[in-house]
1. Quickly run through region 529-541 and pick out the residues that are of a type outside the set (Val, Ile, Thr), surrounded by fewer than 17 Cβ atoms within 10 Å (Cβ to Cβ) and in a helix (DSSP H, G or I).
2. So residue 313 passes all but one of these: (1) more than 19 Å from residue 157 (Cβ to Cβ); (2) near the ligand (Cβ under 10 Å from one of its atoms). Which condition number does it fail?
3. Which of the residues that make up region 332-347 are touching a Leu at 6+ places or on another chain (Cβ under 8 Å), assigned to a helix (DSSP H, G or I) and within 12 Å of the ligand (Cβ to nearest atom)?
4. I need the full set of residues from region 77-130 which are away from the ligand (no atom under 16 Å from the Cβ), modelled with pLDDT of 95 or more, among the charged types (D, E, K, R) and within 20 Å of the chain's Cα centre (by Cα), in order please.
5. Looking at region 316-331, which of its residues are within 11 Å of the ligand (Cβ to nearest atom) and touching a Lys or Arg at 6+ places or on another chain (Cβ under 8 Å)?
6. What helices (runs of 4 or more DSSP H), lying completely within region 404-475, carry at least 2 residues that are in contact with a Pro (Cβ under 9 Å, 6 or more places away or on another chain)?
7. I need a count of the residues in region 17-32 that are in contact with a helix residue (DSSP H, G or I) (Cβ under 9 Å, 6 or more places away or on another chain), surrounded by 13 or more Cβ atoms within 10 Å (Cβ to Cβ) and not aliphatic (A, V, I, L, M).
8. For region 241-256, enumerate the residues that are in contact (Cβ under 8 Å) with a residue 24 or more places away in the chain, out of contact with any Ser or Thr (no Cβ under 8 Å at 6 or more places or on another chain), assigned to a helix (DSSP H, G or I) and not aromatic (Phe, Trp, Tyr).
Amino acid sequence: MIQELESILSQVFKELGYETTAKVIKSNRPDLCDYQCDNAFSLAKLYHQNPMEIGNKIVDALKSIDNFSSFFESVTFAPPGFINMTVSNKFINKYIRLLKEDFKALLPKEKPETFVLDFGGANVAKPLHVGHMRTIMVGESVARIIRFLGHITISDVHLGDFGLQIGQVIYGVLRDGKSIDDIDIKYLDKIYPEMSALCKENEEIKEKCAILTKELQDGNKEYQKLWKKILEVSIQDIKKNYDYLGANFDLWLGESDSYKHLDELVTLLEKQNLLEISEGARVIDVSLETDKKEVPPLLFQKSNGAYLYASTDLATILQRKNDYDPDHILYVVDNRQSLHFEQVFRASDKALIMPYNSLEHLGYGTVNGEDGKPYKTRSGETPKLETLFEKAKEIFISKKETNKDMKEEDVDKIVNAILKFADLQNSREKDYIFDLNKFSDVSGKTGPYILYTYLRINKILKDSQINTKLTDVIYNKYDRDLRLKLIDFSSYVMLAFKERKPHYIADYVYNLCVACNIFYQNNYISNMEDEVNKNDWLYVLELSNKVIKEMLDLLVIEIPSVM
Ligand code: ARG
């Protein structure tokens, strides 16, 4: 709709002798009009005329176009230079029909590109906690938004499976005299925190664990055996959590898989003369003359020969380039790793592996408790992610009186929606406060509110026969507001795609649900006598639910059969 308005206005500009393309935006004053155009101000500067004069001229010319009423109800000039447009019902309904026929008709047709999505990134052998939810939710949602627009995605979990934590756990296994069969999830949950604490106090043990890790990476047979078992047990547990959150991965690769690409990488880096020796270690200078803040060199290989996080990430870019030749690689990783990615992306660019602007770090903020610090239980522990899922379920069940007959599966879907909507409605780079009580409210901007709206509309639709013809009438303000909201959908999807931010979708679907609720609170459909009016409204509600459902799918939220 905005594009069509822009082309109508641009044509008018041309006829008046103004060589500018028009820009139309949603009105800042919805009480006055639907859309506005502020070009009179820039035209005034360009043509050394008064914006009042230009604005009035444009309005007059617009009023005399052919088919004015197919597009507009009214167009007015508002001093000092605004052009306010109220679109006609006919124009609105043209788009409503288009949407109903082909849901994606309003989205731009872009050339399909290939995106590798790197998210999840759990560290094997470490328990998952609340912070791990964000990469999963944002990552899976961004992947779905990208696919919705017709692009190709390849998602890779990129597990942290070869780092110091593995050496620490193996050290623990050997110290405790455990056999390979003793390694189960209960043991891992206990041993990692214990070893991690021990290494903080004891330099000597820490050093031993580092040596052990290096030997594992170099191929020590005994350690490799234990490592494989640790992977098996831990990945099974990680998968369970990811499944619960609805994340899908095409690839289950990890840092360890990048080691076989290191030789090729080193050759490339040497060819570009990028490796320098600094205090026995190999580093890559990634600073730029334009840097305002110092960007330190990327540490590529320690003096003992060990490779690091940045080296495995660089090798992984090379592997992805070789395997998929993607147009983009997106990393959904904590904001606190922004320097790491800056270094890795610069090094990739310098080594001519993939250019800097094809690599994006989609950073996200921290999940905090009410005290504004990273979320912990009352007793000060970081709870396991699974425990939080259970807690959310408990709270939901305790709040709900009629839950007795509800299927377990539906309860899980609602709890899932509670957590996801609470997370995804926040702009990803911001921190947010984790408050299960607030999240599970049926009123307010919550998952249950959206589900409730959908199910209520579904109930109305279930027993009705809907004719596929929509008239050109719009019956009242609530009706009109809802139809305009529906047409907005494509611009929010585009915004979410361009900025890689699912919260635009969450915002939109919430506002759409508000419009739906206001609509049916004021318009009694069930016992309506006017069949034509009734059909038009059912048509609009059916479309609303289609949009809500699709948007929920982009947020990885499933709809229960009842609430
Ligand atoms: N395992 C890493 C961590 O927990 C996250 C991995 C993110 N992906 C990447 N390619 N670096 O910090």
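1. The answer is 531, 533.
2. That leaves (1) as the condition not met.
3. 341, 343, 344, 345
4. 113 - this is the single residue of region 77-130 that is away from the ligand (no atom under 16 Å from the Cβ), modelled with pLDDT of 95 or more, among the charged types (D, E, K, R) and within 20 Å of the chain's Cα centre (by Cα).
5. 329, 330
6. Result: 408-424, 447-462.
7. 4
8. Once the filter is applied, which keeps residues that are in contact (Cβ under 8 Å) with a residue 24 or more places away in the chain, out of contact with any Ser or Thr (no Cβ under 8 Å at 6 or more places or on another chain), assigned to a helix (DSSP H, G or I) and not aromatic (Phe, Trp, Tyr), region 241-256 yields 241, 256.
The values are calculated or read from the model by the stated rules, or taken from the named source; none is laboratory data. Quick caveat, the model's predicted, so the values are computed rather than measured. So basically every Cβ, Gly included, is an ideal-geometry build from the backbone, and we count neighbours across all protein chains shown.
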